Structures are given as structure tokens and as C-alpha cells.
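Below: one structure, written as C-alpha cells.
The values are calculated or read from the model by the stated rules, or taken from the named source; none is laboratory data. Computed from a predicted model, the values in this text were never measured in an experiment. So basically every Cβ, Gly included, is an ideal-geometry build from the backbone, and we count neighbours across all protein chains shown.
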Amino acid sequence: MTDAGPLLEARRVFKGFFGNPVLKGVDIALRPGRVHALLGENGAGKSTLINLLSGALAPDKGAIAIDGQPISRLSPASARAAGIAVVQQELSLAGDLSIAENIGLGAYPRRFGLIDYAALARGVREVCDLVGLTEPLDMPVADLALGRRQMVEIAKALFRKPRVLILDEPTSSLSAHEAGVLGRLIATLRDRGVAILYISHRLNEVQALCSHVTVLKDGGVTADRSLAGVDGEGLVRLMVGRETGELFPPKPQQRVGKVRIDVEGFSAGLVRDARLAGRAGEIVGIGGLVGQGQEDLLLGLYGAIPAKADRAEIDGRSGLPVDVAAANAAGMVYVPADRKHEGLVLPHSIASNILLPSLGRLARGGLRDRRAEAGLVADLARQLMIKGDVARPVQALSGGNQQKVALAKWLPLDPGVLLLNDPTRGVDIETKREIYLMLRRFAAEGRLVILASSDTPELVHLCDRVLVLREGLVAAELSGPAITEAAIVGAAMGVEQGEGIGRKTVQ
Amino acid sequence: MNRASSSGLYGAIQRRRNRGLVGLYLVVAAFLVLYAVLFPGILTIGGFSKFTQNWFPLALVTMAQALLMLNGGITLAIGPLVSLGAVIAATTMGSAFGVPGGILAVVAVGLGIGAVTGAIVALLRLPAIIVTLAGSFIITGVALILLPRPGGFVPGWLSTLLAGHTPVAFLLLLVILGLWKIFLATPLGLAIYAAGDNPVGAFRSGVPIERVKIVSFALSGVLAALAGLFVAAQTGSGDPIIGAPFTLNSIAAAVLGGVGFLGGKGTMRGAVCGSLLLSVMINVMFFLGFPPVAQYVAQGLIIVGAVAVPAHLALWRAAR
């Protein structure tokens, strides 16, 4: 370890969004010549911390310091000027511009006010050689595969000759070969004295590349230590486990109802060859890191994206629904994660949002039956504990109550299967509790609830069974006492669990 | 294709941009040949001059439109700006300021209106289509206040110079295209593409995306107002509503030239070819004796086809 002072630090930083604390007094220090890993589950606050370190956000409390000097207001421009470069997960490239023009963007060498293409070509060639990009520099970025674009993004960060390099999941779209090149590059930069912050969900990479780790959990630092002598399971243990309190309703003793869904060899979008079965009265959780096919699984079952299965039986009928209308007719409903765009008509009233799927059913002689509608709305509002006047626009409600409306509108159809995509994301704790109670009650009424969630405690304490997806495959199927945070996180990250943790693979 | 050598990067990028437009170039060439067969007069100096004079204002407004579409915006104020440019030219050139003063006034008004529009769109974060729609009413109103009915004065020698029997308009177009190429080789010029394609990414890369947007609107305003000046010289007077058809024709020509609606997609050279194509098509239909109504219908069908065919060809290629 080096004795040089940190190049970039966060000192006791706090940051919240809309009264929801995300970082609660976090310290991190990036030193020259060290590869520092930042670990944490979905929603632990990693992205927010990166945004603070790169000047994209300002902390509510605490300070960002460069070379030991606290900076009062760090902007993206001043961070760049101080030699801080970030490789974000979403790419910052312009597809129609060439590789060279993208790499130099915002830092073009100039001559007489014009871009000095000759100097640009030399500088770009140099960084492209570093990252192993052999494509012609005049090639438009849109013609590159995703992994190559990621390498362009990394080359773009290097073009500015950074002293601090922050890499946010740089390998998620890279091939094994490209990841190897990146690994060697990181070692080279480290030896040249660059301070590197490396965020990854691939623990083997973290162990291979990094010498120091900071673990975030629920916005706080649970570990800030050398990686020497820490194994994969040790890292997982540092990331999981939190107070759950009285948040979750008790799980009932397994009452086995009739089979509602039974599919085998199911493929849709990212999902390949999955087996999924669910009975009435069950809550089945779908877990995994963000974007491993959870949404595709739900949308495929719902007939919203093309899907195929070797064998599929839904409520006794064979075959997958061909489209959304067929899925609705078969008693399946879907509540999207993005309730603001896909689930609700925000400026309209709570009542009209609730009524939307039922309008046709309630109509008499082609006209709307206002009295029946009012009765239905009042009934649902009571059941779902939606407080206040139902004539208010939905956008006046909190996120949690919006989610309850998005759920409520389907209940009059008496669905047999509820497909829920991360229903508690961004929802306050009290509403979460109400939603959990609701879901448990739906199950008790004989429905099957399939719940994709990015919140591991929710999977552990609410679900009767959990499927963990990893790169589109079912990495583990857990049930009963085998559902533990360690088992879910371990399976999601591809860490082999030892005996006794209760990992059970699908047969 | 091998690695581009250090000295040839700029040329290689340009060649690659041309390669994507080969189809468009061939279509334009085919129409030009057809035109020359139908109307051999285009091959004389006088015929060529008249033809390019018809094309010139459309080329300018298409550049004005494409500039904004490439940056992820659009403008519905092109036509009114053309009218206002014509009105300003016709009302100032007869005064003590003379022709140089008139040209200066037209450029200043185009620049100023464009910059203000751009500032409203960029700094207040309002949708360009709404702001420019509102702007089009205001600009039309101002033009009508300045010159309630066609009139004003443009010196005869200016009309003869720009719209006579010499290809001065064509040479001016070449100069403007050259200036655009130089602008595009500056960091600011290239930033128009980058900010249109991926505004968040461009911002993170240190591109001042608001300033880029304001500059785009300002340059677009200048081009549209200059088109108005030319129209005034062509007709010998100012007409406060003469620009109206240019708004939609500028969008049509840019789309024909492969400029996308979502920003960053397409090229200026494509847009200029699109304006040439549209201009030739209108003339060809005229010479084939299409009634005006049929011309409009055909124009509409061709534009939908121009968007649909490449998009579906790409899908079809991807599916194979």
C-alpha cells in the first residue's frame, strides 16, 4: 500500500432525494496507485456516491476533497479539470460520429480554432492501442458492438489523462477477452499512479484486480478495509443483512392450491430455458441483479414480448398468451415498474385510473354506469387503504400510494395471476408494509403473485419461493428456510455457496 | 479498410459519410438526368442559372431546418423568418443605409430572433416545436406590421445580380456550404451533432449543450432570413407572407435527405441533396403536366416513401 495522501475523498457525505436518505455519512478515500473496489447491493447508494465524487451531484452535508483540499462546489467541469474521469454504465457516445470524434469530444485539440484532426488521430491512436481497439478511427460508433462501444467509452476517459478513474461496472457488456484487456490496463494505470475506483458485481474480478474495498449497505459504510484475506463469501456477508423489523406479514404454513402457472423451457428476451411453476396462494419472487431478465420473464408470460416455451399451462389451458388481451382474458395482469409512464395516467383522477380496465365491463347498453362505478371505486379505495378524495389527480399522491392505485385498477377483473415488477421501488416504508399485507391477502384469496424485486429482504421475508436469475438463466430456485439473503446475493453474483447455506439448483 | 493514417483521419471520416449517401446521390443524379432530357435548356448558362435560383432559397431553408434537426430540435418559424427577411430587405434597402445596410439588417434580425428562440428553448427547457410555433405567429405579425401589403424596394441591379442570367446564386450556395464545412470542423460545430445524438453524454463530456443549442438556432435564423433576402431580390419587392410554404418544405427536404427526427442522425450534405431532389421533383412534375393538386399528393407520397423505404430496408437486412 502506498503512503501518498488520497487524490479524491468523500468526507462524511450525506445525500437524500425527496426526504429519502440515500447516503448517510459515507467516507471513501481514493489513493494513487491503488485499485479500490466499491461494493453494495442494488440501491445501496453506489451510483449516488459516484455522482458526488464526479461533481454530477452536490452532497447535502459533508465534503468532497481533492488532494486533501475540500471543494465547496464541485461541478462536472471542475472535476474533469482536476483529472477525475468516470466511465458510466450508460454510454455517453454519439452514434453517428466516428470513434475518434467521440473519444475527443469535449477535449478536442485545436489549431486556428478548428479541430486538429491530425493531433486528434495521434492522441486517439495512443489510447486505442492501450485498450486494444483496432477498428479504423473513422468508423461511426453506431457500427460497433456494445462491448466495443464500452471500450471506446473507456478510451474516452483515458484520452483526458485522468489521475482518478472511476469505472462503474465496466465489464457488464464486455467479452471475456475484452475484460482481460481491461484488467491488464487497470494494472498498468495503477502502476503509473492513477487512483482507480472499481464498481462491479463480479466478485472474482474484484478479488483479482482490487486491493482495497469499501462496502456500502443502506447508505452507510459497513467495511473499509484491505482485501487481503477476504474471500467471496466474506464479501457477500458484508453486503447483506439489515433490520427488517415488523415490515413483513408472517408467512402462512404452506397451503397448496391448484397449479396456476406451469411453464418449461421458457424463453423471452434475455430469459433462456426457464422453468417456472406457481400455485394458487403462493408468492413467487424473482430476484437477481438489475437487468438479468426479470422484466422479460414477466413480460413474456404476459404476452407483451415474443416468448416461447416447450410446454406451458396457465390455469388449466395450454399455451402462452399470444398478446396482452389474451393474458388479461386468462386472468393475468401486469403492474409495471415504471408506474409513472406505463401504469397510470398521472393527471387523471384516482377514480378514473382505477376504473380504466373496468369501464367496458361496468357499462350498460354502451353507456357508463356512474353508480356502479362509484360503488366500485369506494370499495377498492377502502380495501387498499387509499386515503382521501378519489377525485384528486393521481400525481398528487406519494409514490407508494400511486403504486397502490396501479395495483387496485386490476382487482375488479378478479385476476388469478398478478405479475408485479418491483412494486416497492421508491416507496416509503409504511406504504411498503401496506403493499406487503395486500400481496399476502391476494395470495390468501387464491391468487398467484409473481413478484420481481430488486430488494433482497423483500424476497426473503415475503416470498414463499424465489427464483434467482443471472444472465437470463435461473441460477437458483430457493424455497422455505433456504431463502436467505446470502443465498440470493450469492446466486445473483455467481458465487458458489458452500454446504449448509441451502442452495438448491433447478433440476 | 486499414487503420486510417494519422494525416488522413478527416478525409476518411468524410469519405465514410459520403458512402452512406450513395443511394441518395444516385437518385438525385437520375432525376437531374431526367430533368435535362425533359428540359435541355438547363444545360445552358441561363437555364442553369434559373434552375439554381429556384433551388437556392429552398437549399438555404433546408440547411436552416437540418441544422436544428441534427441538434435534436425543429423549427416551425422558417417560413415567417423568410417573409420577415424579405420585408426587412425591401424596407431598408431603399433607405439611406443602402444595400449593405439592408443585408446587415437582415442578418442581424435573423441572428437575433434565432438566438432569442434558442435561449428560450435551451434555458427554459421548453419544447422547440411549441416555442417556434408561437414564434411563427409573432414573426408573421411583425412582418405584416412592417409591410402590410407587398411592396418596398429592392434595387434593380441587385435583382439582376442574384436572379439574372448568371449563376451567382449557385456560387453563393457553394460559399455557404464551404463556410458550413469549416464550421463543422470546429469543436462547436461538431458538438451540434454530438448534443443532438446524446445530450446527456455530451454534457458529461464537457460539451456546453445550452450554448450549442443557442448557436444552432441563431445560425438557422440567419440562413432563413438570408433566404428571404434572396426571395425579395428575386421578386423585386417584399411580401409579408411569401415564405409560408418554406416551413413544411424545409422539413420535407431535410427528411428526404435522410435527416432523422430524433437528433444527431443524418448529414447536412444529405439535407442539401434532399432539397435539390425536392426542387427537381417539383420541376419535373410541372413539366410532365401534373396539375398542382396532384403535385402536392405526389410530393407527400414520395416523402413518406423516402422515410419508409430506408427504414424497412434496414429492418429487412437486420432480420436476414
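Looking only at strands (runs of 3 or more DSSP E) that lie completely in the range A:243-331, which have at least 1 residues being surrounded by 15 or more Cβ atoms within 10 Å (Cβ to Cβ) and among the hydroxyl-bearing types (Ser, Thr, Tyr)?
A:259-268
In this structure, is B:Gly164 touching a helix residue (DSSP H, G or I) at 6+ places or on another chain (Cβ under 9 Å), in contact (Cβ under 8 Å) with a residue 40 or more places away in the chain, at positive phi and more than 14 Å from chain A (Cβ to nearest Cβ)?
Judged against the criteria, B:Gly164 is not a match.
So in the range A:71-85, with the set limited to residues that are at pLDDT 90 or above and closer than 25 Å to A:Val22 by Cα, which one is surrounded by the fewest Cβ atoms within 10 Å (Cβ to Cβ)?
Applying the filter and picking the extreme gives A:Ala85.
Would you kindly identify the strands (runs of 3 or more DSSP E) lying entirely within the range A:175-238 that contain at least 3 residues that are of a type in the set (A, V, I, L, M)?
In the range A:175-238, the matching strands (runs of 3 or more DSSP E) lie at A:195-199, A:212-217.
Please work out which residue is farthest from the other protein chains (Cβ to nearest Cβ), limiting yourself to the range A:64-121 and to residues that are more than 22 Å from A:Leu144 (Cα to Cα) and touching a residue at least 60 places away in the same chain (Cβ under 8 Å).
A:Gly68
Which of the numbered conditions does A:Asp323 fail, given that it passes all the others? Conditions: (1) outside the structural domain of A:Gly285 (by TED's automatic domain parsing); (2) under 31 Å from the mean Cα position of the chain (by Cα).
It is condition (1) that A:Asp323 fails.
Just to check your reading of the model, which residue among A:Arg275, A:Arg279, A:Arg311, A:Arg260 is under 21 Å from A:Gly490 (Cα atoms), of a type in the set (Lys, Arg) and touching a residue at least 40 places away in the same chain (Cβ under 8 Å)?
None of the others qualify; the one that does is A:Arg275.
Which condition does A:Phe112 not pass, out of (1) farther than 30 Å from B:Ala314 by Cβ; (2) within 32 Å of the chain's Cα centre (by Cα), if it passes all the others?
For A:Phe112, the exception is condition (2).
State yes or no: is B:Val61 closer than 26 Å to B:Ala252 by Cβ, touching a strand residue (DSSP E or B) at 6+ places or on another chain (Cβ under 8 Å), touching a residue at least 12 places away in the same chain (Cβ under 8 Å) and more than 14 Å from chain A (Cβ to nearest Cβ)?
When the stated conditions are applied, B:Val61 does not pass them.
Could you list, in sequence order, the residues of the range B:196-212 that are touching a residue at least 60 places away in the same chain (Cβ under 8 Å) and in contact with a Pro (Cβ under 9 Å, 6 or more places away or on another chain)?
B:Ile209
Scan B:Val61, B:Val37, B:Val27, B:Val33 and give me the residue that is touching a helix residue (DSSP H, G or I) at 6+ places or on another chain (Cβ under 6 Å) and over 23 Å from A:Asp143 (Cβ atoms).
Answer to the selection: B:Val61.
Every residue in the range B:169-182 that is without any contact (Cβ under 8 Å) to a residue 12 or more places away in the chain and either more than 10 Å from every other protein chain (Cβ to nearest Cβ) or under 13 Å from A:Leu97 (Cα atoms) (or both), please.
Matches in the range B:169-182: B:Leu171, B:Leu174, B:Val175, B:Gly178, B:Leu179, B:Lys181.
Within the range B:271-283, identify whether any single residue is within 14 Å of chain A (Cβ to nearest Cβ) and more than 16 Å from B:Ala308 (Cβ to Cβ), and answer yes or no.
Yes, because at least one residue in the range B:271-283 is within 14 Å of chain A (Cβ to nearest Cβ) and more than 16 Å from B:Ala308 (Cβ to Cβ).
Would it be correct to say that B:Phe203 is over 22 Å from B:Ile13 (Cα atoms) and within 14 Å of chain A (Cβ to nearest Cβ)?
Here the answer is yes, as B:Phe203 does meet what is asked.
Determine which member of the set B:Ala227, B:Ala252, B:Ala185 is more than 11 Å from chain A (Cβ to nearest Cβ), more than 23 Å from B:Leu104 (Cα to Cα) and either among the polar types (S, T, N, Q) or touching a residue at least 24 places away in the same chain (Cβ under 8 Å) (or both).
Exactly one of B:Ala227, B:Ala252, B:Ala185 is more than 11 Å from chain A (Cβ to nearest Cβ), more than 23 Å from B:Leu104 (Cα to Cα) and either among the polar types (S, T, N, Q) or touching a residue at least 24 places away in the same chain (Cβ under 8 Å) (or both), namely B:Ala252.
Which ones in the range B:113-141 are within 19 Å of B:Met63 (Cβ to Cβ) and among the small types (Gly, Ala, Ser)?
Matches in the range B:113-141: B:Gly114, B:Ala115, B:Gly118, B:Ala128, B:Gly135, B:Ser136.
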